[in-house]
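Shown next, in structure tokens, is the structure this report addresses.
The values are calculated or read from the model by the stated rules, or taken from the named source; none is laboratory data. Predicted model only: the values in this text are computed from it and were never measured. Cβ placement follows ideal geometry from the backbone for every residue including glycine, while neighbour counts extend to all protein chains displayed.
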Amino acid sequence: MALLTTDPAIVANGLRKSYGDTSVLDGIDLTVPAGSVLALLGPNGAGKTTVVKILSTLVAADAGQARVAGHDLTRDPQAVRASIGVTGQFSAVDGLITGEENMLLMADLHHLTRAEGRRTTARLLERFDLTDAAKKPASTYSGGMRRRLDIAMTLVGSPRVIFLDEPTTGLDPRSRHTMWGIVRELVADGVTVLLTTQYLDEADELADHVAVLHHGAIAAHGTPDALKRLVPGGHVRLRFTDPTTYRDATTALTDATHDDDALTLQIASDGSPRDLRTILDRLDAAGVEAEQLTVHTPDLDDVFFALTHTAHPTPRTGPDQPHQPVENLR
């Protein structure tokens with residue numbers, strides 16, 4: 001991960017948005033440190049794309065304030081637009097022209113000189129392994145190539161903040177991993193990324209912080225490890241091969257559930273080093289050694305389902321009562 005600066009790249013407080021009688025966002029608070037990745041998770045209709053549209057100045061919020069790349073969203077939207085890049089759910093690539101022509105068109109939109117535009121185009125096409133296909137119509141590109149071209153076009157203006165709205169949807173596993181590598185490279189260069197995704201493994205791989213959006217509000221916000229600790233079900237499983245040792249362990253760990261046929265014990269644990277040391281110390285005190293120890297902790301899938309199927313955000317009584325994140329659980 002890149003070294004984070006002290007000034008957040010994105011700060012949003014109390015963002016609200018409704019369409020008619022339907023409330024889409026009900027007071028969103030977000031802080032994204034510069035040079036980091038925030039993954040915004042949520043089921044379809046949770047409001048993820050609306051957050052991206054508001055923060056990228058594509059639609060206006062009904063209430064709330066936000067700053068992106070140090071610029072106020074309402075007072076200086078043009079400065080925000082000059083500092084960001086957006087890759088939406090659907091590719092902005094024009095399939096009727098070549099990849100190179102798509103890039104040069106974007107360079108023109110950013111008012112680069114002809115020479116600068118050609119240098120930038122050549123550099124980015126090479127970086128995204130598209131040089132050989134540069135002269136071919138973009139309609140002939142695979143899904144992964146079109147996505148790489150889409151992000152290359154986003155980078156023409158050298159944005160410091162990038163919004164990626166479900167960038168790997170529909171891609172094959174190899175293309176998804178390629179995209180992950182691209183995101184890591186961007187962050188290593190100091191770029192800030194706000195990523196919306198429905199792939200939990202993607203968030204786990206890339207995100208410094210995760211925010212789970214549900215019913216238009218943030219249900220939880222923290223590091224992936226911190227969120228996993230919110231969900232019960234973590235445990236340590238101990239396997240034994242000697243029945244006598246197994247019985248001694250059962251006596252020592254009276255709070256464990258046991259399987260006499262498999263000679264295994266299962267004890268609740270958050271998987272932390274301190275918790276593991278406590279369990280091992282109890283076994284050592286009894287003079288018992290397990291043949292095998294495995295740690296089972298909830299993953300982001302468990303977090304997602306727990307928060308979006310059963311949990312509801314704490315009701316807010318006003319803009320002066322922001323959501324309390326769990327991001328300090330590290």
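Observations on the structure shown:
- Positions within region 184-205 being part of a helix (DSSP H, G or I), surrounded by fewer than 23 Cβ atoms within 10 Å (Cβ to Cβ) and in contact (Cβ under 8 Å) with a residue 24 or more places away in the chain, in sequence order: Leu186, Val187, Ala188, Leu200, Asp201, Glu202, Asp204, Glu205
- Tally of residues being assigned to a loop (DSSP other than H, G, I, E, B), hydroxyl-bearing (Ser, Thr, Tyr) and surrounded by fewer than 15 Cβ atoms within 10 Å (Cβ to Cβ) across region 243-300: 2
- Unique match (being surrounded by fewer than 21 Cβ atoms within 10 Å (Cβ to Cβ) and either at pLDDT 95 or above or under 17 Å from the mean Cα position of the chain (by Cα) (or both)) among Thr5, Thr31, Thr22: Thr31
- Identity of the residue in region 132-147, outside any loop (DSSP other than H, G, I, E, B) and in contact with a Leu (Cβ under 9 Å, 6 or more places away or on another chain), that ends up farthest from Phe90 (Cα to Cα): Pro137
- Options Gly64, Gly85, Gly95: the member that is touching a residue at least 60 places away in the same chain (Cβ under 8 Å), under 26 Å from Thr131 (Cβ atoms) and either outside any helix (DSSP H, G or I) or charged (D, E, K, R) (or both): Gly85
- Restricting region 34-61 to residues that are over 17 Å from the mean Cα position of the chain (by Cα) and outside any helix (DSSP H, G or I), the residue that is farthest from Pro159 (Cα to Cα) is Gly45.
- Residue in region 154-161 that is in a loop (DSSP other than H, G, I, E, B), outside the structural domain of Thr31 (by TED's automatic domain parsing) and not small (Gly, Ala, Ser) present: no
- With respect to being crowded, with 19+ Cβ neighbours inside 10 Å and either hydrophobic (A, V, I, L, M, F, W, C) or not in a helix (DSSP H, G or I) (or both), Leu171 falls outside the description.
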